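The values are calculated or read from the model by the stated rules, or taken from the named source; none is laboratory data. The model shown is predicted, which means the values in this text are computed figures rather than measured ones. We place every Cβ from the backbone using ideal geometry, glycine too, and count neighbours over all the protein chains shown.
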Amino acid sequence: MLRLTQVSVTYPNGSIGLQPVSITFFAGQVTVLLGQSGAGKSTLLRRLNCLNRLSSGTMEVDGLGELSNPRIIREHRRRTAMIFQQHQLISRYNAFKNVLIGRVAFHGRIRGLFPLPRIEQRLALECLERVGLVDKAFERVDKLSGGEQQRVGIARALAQQPKIILADEPVASLDPGTANTILSLLLSICREDKIPVVLSLHQPELAKIYADRIVALSEGRVVFDGSPDMLCGDLLCEIYRCGALAA
Ligand SMILES: Nc1ncnc2c1ncn2[C@@H]1O[C@H](COP(=O)(O)OP(=O)(O)O)[C@@H](O)[C@H]1O
Ligand SMILES: [Mg+2]
């Protein structure tokens, strides 16, 4: 459980990323964030991992309590894995080495300065196996396809043995078929391991297939929070401001 109470984010230039929002993310749930570009999806995801500055409000996590000091925040970040649209892989490293970086995130930077023992290396290979990429473990990631690179991104996240996974438009740069495959792979692994996921998508049709819960944002506010079957055409029109586009 990750609870936000009246959390807001205002950027140093005065832009509002998130208006005061109170929302709880529950264990075992796949939550999809929808909303137009600029709605606040990335700001919310980054806030969930304490990657931007909290302007107001409080956050509380199961087992850690309130994220109120640097030690607890560090621990929360260690338990939280992120998957990005552009993978954020190190292109000159092979897939295996990129996944091992997930273990560095798990252990912290100082431990990561030393070679990781065999057990860690085995875990990294197991994660690559789960995403169907063990045979490409020693290929440079810049030689892999977009879908394969995102599989490495997923394996790296899993290697962190996270309590929650956050994914910011993880399939936005993939073709529709690959997007479907990657999303289905990610979510089936997370369901199997009971890892809650919060991810943003810009395809409402994929959200309807894969989400347990949909949260829609507009101008930094939550404008819808419910199950996929409640998301009808009118609501989608409101979220994506079809009226404003037609006007
Ligand atoms: N680093 C930043 N500095 C200033 N303003 C930002 C920054 N990142 C996002 N914003 C602003 O915050 C709002 C929400 O943006 P964002 O969270 O990126 O939305 P989304 O991910 O839904 O496209 C937008 O108005 C955007 O311009
Ligand atoms: Mg974004």
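Please indicate, with yes or no, whether at least one residue in the stretch 64-83 is surrounded by 13 or more Cβ atoms within 10 Å (Cβ to Cβ) and at positive phi. Checked against the condition, which is being surrounded by 13 or more Cβ atoms within 10 Å (Cβ to Cβ) and at positive phi, the stretch 64-83 yields no hits at all. Condition check: at pLDDT below 95 and more than 16 Å from ligand 2 (Cβ to nearest atom). Does A81 satisfy that? No. Candidates in the stretch 194-205 are the residues that are of a type outside the set (V, I, T) and at pLDDT 95 or above; of these, the one that is surrounded by the fewest Cβ atoms within 10 Å (Cβ to Cβ) is P196.
Among the conditions (1) in contact (Cβ under 8 Å) with a residue 12 or more places away in the chain; (2) within 16 Å of ligand 1 (Cβ to nearest atom), N13 misses just one, which is (1).
Sort through E219, E169 and tell me the only one that's of a type in the set (D, E), out of contact with any Lys or Arg (no Cβ under 7 Å at 6 or more places or on another chain) and surrounded by fewer than 16 Cβ atoms within 10 Å (Cβ to Cβ).
E219
Is at least one residue of the stretch 173-185 surrounded by fewer than 19 Cβ atoms within 10 Å (Cβ to Cβ), under 30 Å from Q6 (Cα atoms) and assigned by TED's automatic domain parsing to the domain that holds V7? No - not one qualifying residue is present in the stretch 173-185.
Looking for something assigned to a loop (DSSP other than H, G, I, E, B), among the aliphatic types (A, V, I, L, M) and more than 15 Å from ligand 1 (Cβ to nearest atom) - is there at least one such residue anywhere in the stretch 34-51?
Filtering the stretch 34-51 down to residues assigned to a loop (DSSP other than H, G, I, E, B) leaves 35-40, 49-51.
Applying the additional criterion that residues be among the aliphatic types (A, V, I, L, M) yields 39, 51.
Narrowing the set further to residues that are more than 15 Å from ligand 1 (Cβ to nearest atom) leaves none.
Among the residues of the stretch 34-51, not one is assigned to a loop (DSSP other than H, G, I, E, B), among the aliphatic types (A, V, I, L, M) and more than 15 Å from ligand 1 (Cβ to nearest atom), which makes the answer no.
Checked against (1) over 26 Å from L128 (Cβ atoms); (2) touching a Leu at 6+ places or on another chain (Cβ under 7 Å); (3) within 16 Å of ligand 2 (Cβ to nearest atom), I16 passes all but condition (2).
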